[in-house]
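Input: a single structure, listed below in structure tokens.
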Amino acid sequence: MRALAESIDGFIRWRDVNDGLEYWGIVMFQTSEATAQWKQHPDHARIHQMTAGTLYRSFSTRAFASLRENVFDGDDQGS
């Protein structure tokens, strides 16, 4: 699934965490169009349908609009 997400133009980030008790993941895309492409991709839909209720108990989708971005780059030391 990750390779599929990364192949979509507008992919930003994939992050998943398994702490032994819970598993959660985040897939981020730059635009709503990229998100729709991910959601509607036939392979994603097929795998999602096959694993619903077996691989995960629940999921949610959230969309955010960026109001401001702050970036810290430890490599940029005031040059």
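The values are calculated or read from the model by the stated rules, or taken from the named source; none is laboratory data. Bear in mind that the values here come from a model prediction, so they are computed numbers and not experimental data. Cβ atoms come from the backbone with ideal geometry, glycine included; neighbour counts cover every protein chain shown.
Below are the figures for this structure:
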{"quantity": "Pick from segment 19-56, criterion within 17 Å of ARG2 (Cα to Cα) and of a type in the set (Ser, Thr, Tyr), ranking: surrounded by the most Cβ atoms within 10 Å (Cβ to Cβ)", "calculated": "THR35"}
{"quantity": "Residue count, segment 15-36 (criterion: modelled with pLDDT of 85 or more, closer than 16 Å to TYR56 by Cβ and either aromatic (Phe, Trp, Tyr) or part of a helix (DSSP H, G or I) (or both))", "calculated": "0"}
{"quantity": "Residue count, segment 43-59 (criterion: under 22 Å from ILE12 (Cβ atoms) and at pLDDT 75 or above)", "calculated": "5"}
{"quantity": "Residues of segment 49-59 satisfying the condition of being over 14 Å from the mean Cα position of the chain (by Cα) and either outside any strand (DSSP E or B) or hydrophobic (A, V, I, L, M, F, W, C) (or both)", "calculated": "GLN49, MET50, THR51, ALA52, GLY53, THR54, LEU55, ARG57, SER58"}
{"quantity": "Count of residues meeting criterion [assigned to a helix (DSSP H, G or I), at pLDDT 90 or above and either touching a strand residue (DSSP E or B) at 6+ places or on another chain (Cβ under 6 Å) or exposed (fewer than 10 other Cβ atoms within 10 Å of the Cβ) (or both)] in segment 1-14", "calculated": "2"}
{"quantity": "Output for segment 1-40, where each listed residue is over 21 Å from PHE64 (Cβ atoms) and in contact (Cβ under 8 Å) with a residue 24 or more places away in the chain", "calculated": "MET1, LEU4, TYR23"}
